[in-house]
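The values are calculated or read from the model by the stated rules, or taken from the named source; none is laboratory data. Computed from a predicted structure; not experimentally measured. Heads up, the Cβs are rebuilt from the backbone with ideal geometry, glycines too, and the neighbour counts pull from every protein chain shown. Keep in mind that these areas ignore ligands, DNA and RNA; they rest on the heavy atoms of the full protein, side chains included. Shrake-Rupley method; radii C 1.70, N 1.55, O 1.52, S 1.80 Å.
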Amino acid sequence: MESLASQAKPAAVLWLAGFLQAARLHRVVSFCASSRPLSVRISQCFLLNGFIYLGSLLTLKSVVIPILSWILPEECSPLQGQHLCDRTVAVPTYSFLRSVLIQIFYVFWFYPLYIFSFVLSTLWYNDIAKHALDVVKNKSLDATKALDAHTISESMERPEGFDGVAIGIGEQVYSILLLTIFFIEVTVIGYIPYFGKAMNFLLLSLMYAYYCFEYKWNFFAVSLNERLDFFESNWAFFAGFGSPCVLPIFFFSPLTSYGVMAVLYPLFVLTAAGTQAEKVIDQLKPSHGGKLQRIPVFFIAKRLTTQVLQLFPEVKKEQ
């Protein structure tokens, strides 16, 4: 119990610090003012995901469905005329036609729009991170280093030429597989009774925080081992940082929450680009007076990823 109590204060302090860093959305204005390509990409994200995607969903629920319900009512009403109720099959037929028309709207407009938005937004997020980190690099802002000096110097020891490229590609493949397995793990945990939703929120917060900072770590060529070690050692900070991005999942339907998160996510990518996590964490150590215990967040995902890679002996040998 004493050990748990000693961890409560540093975890709470770091969680709040991460949350406040994510909430510094004024950095978005600063970045956009410094880069026209960045401001264009941000505007495109808002137009596609906010105006077109969420606008289509709002139109469906607020206009299309009410009109169909009026034309093809679920039950008879005196205002609609007695002839509508003369046949017992009328109302079931109306219900069937209404459902078919709504499904046609989903199949031929909404689902293709969802896929189009997902693919295009993924490409735009990379552009947004690149333009933001170009601003960081050009302005030489000390407050936006990826990690501390020894981490960056260690990451620069990666071999140059083909070997360095091969290592970089291998790390990217491993990272994608690791995060995919972690996402499946988080989804499964969400179905556990009683505490599943709370664990799901915490793990999703960590996952989205990692996504936000991964662009930055890739840009500064921080090795995968270094970033995972730093992330798991300061899990409370990143849990706080990812919390604002995950909140829409618990307040909206899946399709609506995707649209909201697609609008908010690039903003948190920019706040991550402007956050010096190492410095913030070091500055808070005197305030909580304790060292946060590392939690192996990706332990299960790492083990499963290793098992998957063992199915490809040649890949394992190259690593």
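Just a few scattered comments:
- Dipole axis of the range 170-319 (+1 Lys, Arg; -1 Asp, Glu on Cβ), positive-most option in W217, I189, F268: I189
- Difference of contour (0.36 nm per residue) and Cα-Cα distance, S62 to L97: 10.7 nm
- Length gained on full extension, I300 to I176: 43.1 nm, using 0.36 nm per residue less the C-alpha separation.
- Each residue, E185 and I104, gets one label point 7 Å from its Cα in the Cβ direction; the gap between the two is 4.7 nm.
- Stretch gain in nm, segment L47-N126, where the contour uses 0.36 nm per residue and the Cα spacing is subtracted: 26.7 nm
- Sequence of M207, M199 from largest to smallest accessible area, 1.4 Å probe: M199, M207
- Label-to-label distance, Y111 versus W70, with points set 7 angstrom from Cα along the beta-carbon direction: 2.9 nm.
- Residues whose amide H lies under 5 Å from that of L292, counting only those 5 or more places away or on a different chain, are absent; hydrogens are built 1.01 Å from N in the peptide plane.
- Rounded accessible area per residue of the range 206-319, 1.4 Å, Å²: 45 Å²
- Label-point separation in nm, F195 to S6, each point 7 Å along Cα→Cβ: 2.2 nm
- Exposure ranking of R227, R36, R303, R24 by accessible area [1.4 Å probe, largest first]: R36, R303, R24, R227
- Largest-first principal axis extents of the Cα set of the range 180-227 (Å): 41, 16, 14
- Exceeding the 25 Å Cα-Cα cut-off - candidates K216/K279; K9/K197; K137/K291; K9/K279: K137/K291
- Note on the range 204-300: Kirkwood radius taken over Cα pairs, Stokes-Einstein applied at 10 °C and 1.306 mPa s, translational D equal to 110 µm² s⁻¹.
- A compact globular protein would have a Cα radius of gyration near 2.2 N^0.38 Å; the ratio found for the range 1-75 is 2.01.
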